[in-house]
Amino acid sequence: QVTDSNNCISQQQFSVFEPSTLTLSLQANDISCYGMSDGSILSAVSGGNGGYSYSWSNSDITASTDSLDVGIYSLTVVDVNNCSVIDYGIINQPNAMYATINATDVNCNSGTDGMIDITISGGVLPYVFSWNNGSISEDLQNVSAGIYTVSILDNNNCLLSLSDTIEQ
């Protein structure tokens, strides 16, 4: 309402709108195998006044970032009104797969009482075993002398290979 010096009144209504709150959420996808750099973080932005710009702590300027190492990453999103929001994503990795192999030799010439015992840790359970003699069990029992190789695959498809010899 405006009143002039002659007491004339003019009145008008206005509506003032504001954009919804600028929000950001991040979804971190951890590294699949120890020592790799295949982590990623996806972002979801809503609100604000659109026209978002992205600035990651690793210098990426896209909505999502990948090929990440272990660490904490920040993303700052700014809309066209220069409103900003920041969030953090953490990239982890599984423990390194580590295994020991222990062979027990056969007792007699041409015997089949050899054994191989594997102890494994790290990676992501469950493990899948594949031996060069066709076995898929973790350990070997009742085998003859020879060189045995096992490939161990964890649930993230990380691979570890070991060999040992059973002697006569």
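The values are calculated or read from the model by the stated rules, or taken from the named source; none is laboratory data. Quick caveat, the model's predicted, so the values are computed rather than measured. Please note: Cβ atoms are built from the backbone with ideal geometry, for glycine as well, and neighbour counts cover all protein chains shown. All accessible areas refer to the heavy atoms of the entire protein, side chains included, with ligands and DNA or RNA removed. Shrake-Rupley method; radii C 1.70, N 1.55, O 1.52, S 1.80 Å.
Could you check how many residues of region 138-166 are touching a strand residue (DSSP E or B) at 6+ places or on another chain (Cβ under 6 Å) and part of a loop (DSSP other than H, G, I, E, B)? Going through region 138-166 one residue at a time, the tally reaches 3.
The criterion of being open to solvent by 60 Å² or more (accessible area, probe 1.4 Å) and either among the aliphatic types (A, V, I, L, M) or free of Cβ contacts under 8 Å to residues at least 24 places away in the same chain (or both) holds for Ile72.
Scanning region 3-53 for residues that are over 18 Å from the mean Cα position of the chain (by Cα) and open to solvent by less than 50 Å² (accessible area, probe 1.4 Å) yields a count of 6. For Asn82, the conditions (1) touching a Gly at 6+ places or on another chain (Cβ under 9 Å); (2) loosely packed, with under 14 Cβ neighbours inside 10 Å; (3) under 30 Å from Glu18 (Cα atoms); (4) not β-branched (Val, Ile, Thr) all hold with the exception of (1).
Considered as a group, the residues in region 54-69 that are polar (S, T, N, Q) and over 13 Å from Leu24 (Cα atoms) include one that is surrounded by the fewest Cβ atoms within 10 Å (Cβ to Cβ), and that residue is Ser59. Restricting attention to region 1-32 and to residues that are part of a loop (DSSP other than H, G, I, E, B) and among the aliphatic types (A, V, I, L, M), the residue that is farthest from Gly123 (Cα to Cα) turns out to be Val16.
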